[in-house]
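Working notes, structure below.
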Amino acid sequence: MNARTWYLLAAALAAAAAVAPPLDRLADGSFAWHMVQHLLLLFVVPLLLLCTHPFELFVAVAGKRTTTAFVRATRALHVVAQPPAALAAFTGTLWLTHFTPLYELSLANPLVHAGEHLLYLAAGTLFWLPVLAPPPLRPLAYPARLLYLAIALPQGALVAMAIGSARVPLYPHYAMLAGRQSALSDQAAAAALMWIVGGLAVLIALLTTLGTWAKREAA
């Protein structure tokens, strides 16, 4: 199998792990496990999917004429892949889903829960676009990518700090299941996961981008 197939298989496995009953059942009773689910959908699955170079597959299937028409029709949408828009969508999704009634509603309504997962996939895809710049997007200069990632690095930490510093359970669903104190401990664990895992994902991307730039400059 080629690299594209491996990436696609890994993306499918990560997506299945995120929404399959074992993790989904744990997420229903624990904010920390729910955070694991969301981190997979926000960082891992979109990254793996973009690494498959989906546009190349589309070109191979659709043909030159259809591809040209598609690129022309969607050119105006490329603005959402620019760093300001992508970062706004990413950070906006984090704050919207954790500090509005949407999160609690998603725990009670399966359709809203599914919609929330799609929102994370979309925000995650937009987040990685300025970094990977898959065709037909034009790649950003390496300094611009590094600046983008440097600005993105503390965004998840800020949300995590807001969650972890809360003195009351943010979501009644978990408090009713486990009690106030257990819900607060679970909430702190979820915040730590967002801070550490989310920050590590962005930091690795930043260091990888820096290394790739240095290698090209040396060549």
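Helix 180-193 sits at what angle to the longest principal axis of the chain, using alpha carbons and giving 0 to 90 degrees rounded to 10? On a 0 to 90 degree scale, this one is about 20. Multiplying the residue separation of Arg25 and Thr66 by 0.36 nm and subtracting their alpha-carbon distance yields 10.5 nm.
Quick one: P(r) of the chain from all Cα-Cα pairs, 10 Å bins, percents rounded to integers, in order of increasing distance. Once binned at 10 Å, the Cα pair distances of the chain give 8, 30, 33, 20, 8, 1, 0. Using Cα-Cα distances under 8 Å and only pairs 6 or more residues apart, what relative contact order does the chain have, in percent? Here the relative contact order equals 24 percent.
Mind running the shape call on the range 70-188? Use the C-alpha gyration tensor, a ≥ b ≥ c as the square roots of the eigenvalues: rounded below 1.5 for a/c, prolate if a/b tops b/c, oblate otherwise. Verdict is oblate for the range 70-188.
Rounded to a whole number, what % of the accessible area of the range 11-62 do carbon and sulfur atoms account for, probe 1.4 Å?
Working: 1820 of 2330 Å².
For the range 11-62, the apolar C and S fraction of the accessible surface comes to 78 percent.
Using the alpha-carbon centroid of each, what span in Å lies between the range 69-147 and the range 148-219? Each part reduced to its Cα centre gives a spacing of 17 Å. Calculated mean residue ellipticity, 222 nm, the chain: -24000 deg cm²/dmol, from DSSP H runs (n ≥ 4) at -39500 (n - 2.57) each, averaged per residue and rounded to 500.
Over the chain, accessible surface divided per residue gives 54 Å², non-protein components excluded, 1.4 Å probe. Mind running the shape call on the range 1-114? Use the C-alpha gyration tensor, a ≥ b ≥ c as the square roots of the eigenvalues: rounded below 1.5 for a/c, prolate if a/b tops b/c, oblate otherwise. It is oblate, given that a/c is not under 1.5 and a/b is not larger than b/c.
With the simple model of a label 7 Å out from the Cα in the direction of the Cβ, Glu104 to Leu118 spans 2.5 nm. Shape class of the range 114-164 from the Cα gyration tensor (axes a ≥ b ≥ c, square roots of the eigenvalues): oblate, since a/c reaches 1.5 or more and a/b does not exceed b/c.
The values are calculated or read from the model by the stated rules, or taken from the named source; none is laboratory data. From a predicted model like this one, the values you see are computed outputs, not experimental measurements. FYI the Cβ positions are ideal-geometry reconstructions off the backbone, even for glycines, and counts take in every protein chain you see. Accessible surface is based on the protein model in full, side chains and every heavy atom, while ligands, DNA and RNA are left aside. Shrake-Rupley method; radii C 1.70, N 1.55, O 1.52, S 1.80 Å.
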